[in-house]
Ligand SMILES: NC(=O)c1ccc[n+]([C@@H]2O[C@H](COP(=O)([O-])OP(=O)(O)OC[C@H]3O[C@@H](n4cnc5c(N)ncnc54)[C@H](OP(=O)(O)O)[C@@H]3O)[C@@H](O)[C@H]2O)c1
């Protein structure tokens, strides 16, 4: 891969963009406000980065990182990501996204709903179970003894191969956690969500956004995925 398109320049999109340029991957990054609003970020990212429209980011590379609130997916241009490998970082947060009956009832995982919203996209759920500030803290070169693993899930095996290769270059091992239907194992409040990367798993909730990370190797991630129970989404507090 030589170029990664990134839609969403917030906490996760900008963290992944930093890893990408550091790995020698060009990025074209977009947000809702237009390329001119990204001047400072692009300057910080350096010569491998450019700002673009959503359409330009979607067309820029072999894969696209989609990192926007779930409530914004339906406003993306129709057909934008058809046929593209899409690494989707999205999670469902009712306080932000509004209540969605199919998710509250457990009829669909968030990624299954996203697949319905983005027909034809080759969707891979990734980077959704790690806090944005942990992404740079845990990235390591391939072969490092303290490299961490991230789960990926998707229905297209070829897209998962692409995603694993990309994430490997960005600094993480990957673990195939199954299909989009299986991805509840690492949705919010499930057993393989963000808390597994905390150095102190008992850190008070109000300190989590500043709490440091600790490496999580693939075998521990596998155990966390296996022990995960499906969350009653309607009863979730956050
Ligand atoms: N933050 C975390 O630690 C974390 C961890 C795991 C997963 N996630 C999930 O990852 C996703 C992104 O989270 P985040 O924290 O990075 O969000 P964020 O900081 O709020 O950034 C969201 C980005 O999406 C852009 N956006 C919104 N609507 C758009 C549209 N219609 N077209 C193009 N861009 C649009 C925003 O553009 P503007 O900048 O122009 O407003 C912004 O750049 C969310 O689904 C979140 O639940 C977050």
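What follows draws every value from the coordinates through simple rules; no lab data is involved. Just so we're clear, the structure is a prediction, and the values are computed from it rather than from any experiment. Cβ placement follows ideal geometry from the backbone for every residue including glycine, while neighbour counts extend to all protein chains displayed.
Counting only helical runs of four or more DSSP H residues, what would the 222 nm mean residue ellipticity of the chain come to if each run contributes -39,500 (n - 2.57) and the total is spread over all its residues?
-8000 deg cm²/dmol
Name the residue, out of 129, 11, 91, whose mean-square fluctuation peaks in a Gaussian network model built on the chain with Cα pairs under 10 Å.
11
Give me P(r) over the stretch 169-211, computed from all C-alpha to C-alpha distances, binned every 10 Å, as integer percentages.
Bin by bin from 0 Å, the calculated values are 23, 43, 30, 4.
How long is the gain from residue 117 to residue 206 if the chain were fully straight, where each residue apart is worth 0.36 nm and the alpha carbon distance is subtracted?
28.7 nm
If I build a Gaussian network model for the chain, linking alpha-carbon pairs within less than 10 angstrom, which residue out of 42, 203, 21 has the largest mean-square fluctuation?
203
As a footprinting exposure proxy, order 107, 84 by other Cβ within 10 Å, with the fewest listed first.
So the residues, fewest neighbours to most, are 107, 84.
Give the order of 93, 172, 193 when sorted by the count of other beta carbons within 10 angstrom, beginning with the fewest.
93, 193, 172
With a point put 7 Å past each Cα toward its Cβ, work out how far residue 222 is from residue 199 in nm, to one decimal.
Placing both labels 7 Å beyond Cα along the Cβ direction yields 2.8 nm.
Order these by the 10 Å Cβ neighbour count, fewest first: 1, 209.
Lowest count first: 209, 1.
Roughly what % antiparallel, to the nearest 5, for the DSSP beta bridges in the chain?
The answer is about 10 percent antiparallel.
How long are the semi-axes of the ellipsoid equivalent to the chain, from square roots of 5 times the Cα gyration tensor eigenvalues, in whole Å, largest first?
With the √(5λ) rule applied to the chain, the semi-axes are 25, 22, 17 Å.
Picking from 53, 194, 109, which is most flexible by a Gaussian network model of the chain using Cα springs under 10 Å?
Of the options given, 53 has the highest mean-square fluctuation.
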